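The values are calculated or read from the model by the stated rules, or taken from the named source; none is laboratory data. In this text, all values refer to a predicted model and were calculated from it rather than measured experimentally. In this analysis, Cβ positions are derived from the backbone assuming ideal geometry, glycine residues included, and neighbour counts consider all displayed protein chains. Surface accessibility is based on the protein's heavy atoms, side chains included, excluding ligands, DNA and RNA. Shrake-Rupley method; radii C 1.70, N 1.55, O 1.52, S 1.80 Å.
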Amino acid sequence: MESRPSKEPEIELFVKAGLDGENIGNCPFCQRLFMVLWLKGVKFNVTTVDMTRKPEELKDLAPGTNPPFLLFNRELKTDFIKIEEFLEQTLGPPTYPHLSPKYKESFDVGSDIFAKFSAYIKNPRKEANSNLEKALLREFQRLDQYLNNPLPEEIDQDSVEDIAVSKRKFLDGDHLTLADCNLLPKLHIIKIAAKKYRDFEIPADMTGVWRYLNNAYACDEFSHTCPADEEIIHTYASVARKMT
């Protein structure tokens, strides 16, 4: 079995700073990459960037670039999707785990949920609120159904009994994947902002979604990379339009 290389890559992740200019700010793409690096098990540093007074050295390092961005062995990487692809290709087995999901639908199932949430929270017209909320709920129902449907490996072909409801922890199985790193930061924002500004809560009968969220919050890779609730509330204070 191959051992871990003696010289690990030098990695620094730059993320958006919060209200105090130091802690982690509200940025689902920053959290996504933070989670990916943590799950890879590689050593890395995180630097928060105060967007109100971007330090001079960062202006020189990544001119015109907003976080997240990455220094990998002192080489600048920008665009979070390209960074994620680069990390998945560069940090692979046997030294680091692959994080790509096995099933394409694990990535696709939550792809519209954040857009529906954005339309819902930004809407100022009371008469449109109900339909926008229903559209958001439909996406949650789609997610709930996917999480409750057993994956192929959960179904024992030789067993007489059928598994009616999946017992898996996450989108693609019992391990966090890139699909979770993409969706979970967005679900966290929706959970906090929609409750605060629209008194919307994910229905309790969506057992698949709640099983998923509860398992995720029990993982340091997710819970310890989440911004504080007040960061999300502050971000959406100017976005969540008062309905008239």
Problem set entry | Listed residues Arg198, Arg125, Arg168, most fluctuating in the chain (Gaussian network, C-alpha, under 10 Å) | Arg125
Problem set entry | Exposure of Ser223 as accessible area (Å², to 10), given a probe of 1.4 Å and all protein chains | 40
Problem set entry | Potential lengthening between Thr52 and Glu10 on full extension [0.36 nm per residue; Cα-Cα distance subtracted] | 12.4 nm
Seminar exercise, completed: Among the Cα-Cα pairs of the range 168-214, the proportion with separation greater than 13 Å, in percent, is 59
Problem set entry | Point-to-point label distance, Arg138-Lys196, nm (Cα→Cβ direction, 7 Å offset) | 2.8
For this session: Could you tell me what percent of the DSSP beta bridges with both partners in the chain are antiparallel, to the nearest 5?
Result: 65
Exercise. In the Gaussian network model of the chain, springs joining C-alpha atoms below 10 Å, which of Phe34, Phe117, Phe86 carries the largest mean-square fluctuation?
Worked result: Phe86
For this session: Please give the calculated 222 nm ellipticity per residue for the chain, where each DSSP H segment of at least 4 residues contributes -39500 (n - 2.57) and the sum is spread over every residue; nearest 500 deg cm²/dmol?
Result: -14000 deg cm²/dmol
Problem set entry | For the chain, built as a Gaussian network whose Cα springs stay under 10 Å, the top-fluctuating residue of Asp174, Asp229, Asp156 | Asp156
Exercise. Which pairs break 25 Å Cα to Cα here: Lys16/Lys167; Lys40/Lys196; Lys43/Lys104; Lys104/Lys169; Lys134/Lys242; Lys82/Lys102?
Worked result: Lys16/Lys167; Lys40/Lys196; Lys43/Lys104
Seminar exercise, completed: Counting sequence-distant residues (5 or more places) and residues on other chains, those with an amide H built under 5 Å from that of Thr47 are Leu13, Phe14, Val15
Exercise. Counting pairs of Cα atoms in the range 110-244, how many percent are more than 23 Å apart?
Worked result: 38
Problem set entry | ³J(HN,Hα), Karplus 6.51/-1.76/1.60, whole Hz, each residue of the range 75-92, x for Gly, Pro | 9, 6, 10, 10, 6, 4, 5, 5, 4, 4, 4, 4, 5, 5, 6, 7, 9, x
For this session: With θ set to phi - 60°, apply the Karplus curve 6.51 cos²θ - 1.76 cosθ + 1.60 along the range 47-53 and write out the HN-Hα couplings as whole Hz, x wherever there is a Gly or Pro.
Result: 10, 8, 10, 6, 5, 6, 8
